[in-house]
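One structure below.
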Amino acid sequence: MFIRGKVLTPLAIVARVTRNGTRGDKATGARAASEAATLIQQWRDDDAAAGRMSHPEYLARRYRTGFDPL
């Protein structure tokens with residue numbers, strides 16, 4: 001999860017601040033959004049194939065135990 005976060009975080013931030021490539025540096029934003037979506041799908045598929053719990057279930061469990069990211 002830590003390694004995935006290091007890869008995904010800058011892509012997600014750029015995608016968000018450029019509104020997926022519709023504001024500011026459109027080319028970089030669109031590429032970041034596309035690459036983030038591709039990685040998320042790939043990791044979701046890899047996790048399912050390996051029998052790992054889904055990300056929504058993981059986060060739901062963390063929230064139930066008091067996780068507060070803010």
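The values are calculated or read from the model by the stated rules, or taken from the named source; none is laboratory data. Just so it is clear, the model here is predicted, and its values are computed rather than measured. Cβ sites come from the backbone with ideal geometry, for glycine too, and all protein chains shown count toward neighbours. Ligands, DNA and RNA are excluded from the accessible area calculation, which covers all protein heavy atoms including side chains. Shrake-Rupley method; radii C 1.70, N 1.55, O 1.52, S 1.80 Å.
Residues being under 22 Å from R62 (Cα atoms) and either at pLDDT below 95 or not β-branched (V, I, T) (or both): count how many of those fall in the range 1-50. First the steps, then the outcome.
Start the filter on the range 1-50 by keeping residues that are under 22 Å from R62 (Cα atoms), which leaves 1-9, 12, 40-41, 43-48, 50.
Filter once more, so that each one left must be either at pLDDT below 95 or not β-branched (V, I, T) (or both): 1-2, 4-6, 8, 12, 41, 43-48, 50.
Selection size over the range 1-50: 15.
Among the residues of the range 34-70, those identified as closer than 23 Å to L11 by Cα, hydroxyl-bearing (S, T, Y) and either open to solvent by 70 Å² or more (accessible area, probe 1.4 Å) or touching a strand residue (DSSP E or B) at 6+ places or on another chain (Cβ under 8 Å) (or both) are T38, Y58.
Would you say D25 is open to solvent by less than 60 Å² (accessible area, probe 1.4 Å), of a type in the set (D, E) and farther than 20 Å from P69 by Cα? Criteria not met by D25. Of all residue pairs spaced 6 or more apart or on separate chains, those with beta-carbon atoms under 8 Å, a first member in the range 9-30 that is touching a residue at least 12 places away in the same chain (Cβ under 8 Å) and a second member that is open to solvent by 100 Å² or more (accessible area, probe 1.4 Å) are V17/R23; T18/K26; G21/R31; G29/V17; G29/R19; G29/R23. Please state which of the following conditions I13 fails to meet, knowing it meets all the rest: (1) part of a helix (DSSP H, G or I); (2) open to solvent by less than 80 Å² (accessible area, probe 1.4 Å). Of the numbered conditions (1) part of a helix (DSSP H, G or I); (2) open to solvent by less than 80 Å² (accessible area, probe 1.4 Å), the odd one out for I13 is (2). Within the range 53-67, the presence of a residue that is touching a residue at least 12 places away in the same chain (Cβ under 8 Å) and either among the hydroxyl-bearing types (S, T, Y) or in a helix (DSSP H, G or I) (or both) is excluded.
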